[in-house]
Structure formats: C-alpha cells, structure tokens
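A short worksheet on the structure shown next.
The values are calculated or read from the model by the stated rules, or taken from the named source; none is laboratory data. Just so it is clear, the model here is predicted, and its values are computed rather than measured. Here the Cβ positions follow ideal geometry from the backbone for every residue, glycine too, while neighbour counts run over all protein chains shown.
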C-alpha cells in the first residue's frame, strides 16, 4: 500500500511542478478564471454581483495560496520539489511583477466566459480590466527585469 501511495505522490509531484510552466500555467489559470463567474453565480445566486464579486475573487486567490501551502505541509514531497517551490515563492516575494502576470490569465478566462455567456455587467468588466491590464503590465515589467538581468529567466 505504501508503494502505491509513493508512486501516486511522485506522479502528483511531477504534475504540480510541471503545471507552473508555460503553457500549462496559462491554461489552468484561464480555466480558473473561466469558472469563477459561473461558480460564483451558482453559489451566490443570480442577483447583482457588486462588491461580492470582488470578495469572491479575493477568496479564490487566497485559496490558491493557502491550499498549496497546506498540501506542502501535509504531504511528504521530495526535497527537490520543496526547493523548486521555495525558489518560486522567493521570486514572488521579491518581484511583484512575477505575481501580477498570473492575473492576466485569470482575466483571459473571465473574459472568455463573459463572451461565451453573453452576459457582461460592470463588476465583471471592472474585474476583467484590472486582471488583464494589471497582468499585462506585470508581463512587461517582468520581461524588462529579465532582459536587464535584474530577475532570473524562468526554466
């Protein structure tokens, strides 16, 4: 039984390490963005979104930060995986633009949902604008830092 668990954990570890590389990182963040509005509507009802959408978005971002931290503490991942994740967290703490780029893909997913559903309201439009605009700015700043040698190029 332990052998099966070890093999499953190794597969999970490889998947979690790979998912942060392009294009997988863009795909899963776009999928999260795409699912945010319908899941919010399902949980909160079809009423006016307003500020509650912003609270939902922040809760999703918080969950995306807390859940991996819990998994890292609970599951016995290898030293290699822990080192890679520690390096990524250090980059995120050191460079805001490294984190802001993630918002771009959430915004792309939100926009794709709005286009496919045909329902655009001001809270969704504002959230899409902040995510895509802030994320695009993050991309520009990150690329500038990498090209000038202030930040390491991603593997």
| field | Members of the stretch 29-42 found to be touching a residue at least 24 places away in the same chain (Cβ under 8 Å) and closer than 16 Å to residue 67 by Cβ, listed by number | value | 29, 31, 32, 35, 36
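Using the structure shown, decide if residue 26 is touching a helix residue (DSSP H, G or I) at 6+ places or on another chain (Cβ under 8 Å), surrounded by 13 or more Cβ atoms within 10 Å (Cβ to Cβ) and at pLDDT below 85.
no
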| said: Among the residues of the stretch 96-104, are any under 17 Å from residue 53 (Cα atoms) and either assigned to a helix (DSSP H, G or I) or modelled with pLDDT of 95 or more (or both)? | reply: yes
| Can you name every residue in the stretch 117-136 that is assigned to a helix (DSSP H, G or I) and without any contact (Cβ under 8 Å) to a residue 60 or more places away in the chain? | 122, 125, 126, 128, 129, 130, 132, 133, 134, 135, 136
| query | From the list 25, 6, which one is in a helix (DSSP H, G or I) and either under 30 Å from residue 136 (Cα atoms) or in contact (Cβ under 8 Å) with a residue 24 or more places away in the chain (or both)? | reply | 25
| Given (1) closer than 18 Å to residue 125 by Cα; (2) under 13 Å from the mean Cα position of the chain (by Cα); (3) surrounded by fewer than 17 Cβ atoms within 10 Å (Cβ to Cβ), where does residue 20 come up short, assuming only one miss? | (1)
| Candidates 63, 151, 81, filtered to the one that is outside any helix (DSSP H, G or I) and either more than 15 Å from the chain's Cα centre (by Cα) or loosely packed, with under 15 Cβ neighbours inside 10 Å (or both) | 151
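Between 75, 110, 64, 53, which is modelled with pLDDT of 85 or more and out of contact with any helix residue (DSSP H, G or I) (no Cβ under 7 Å at 6 or more places or on another chain)?
64
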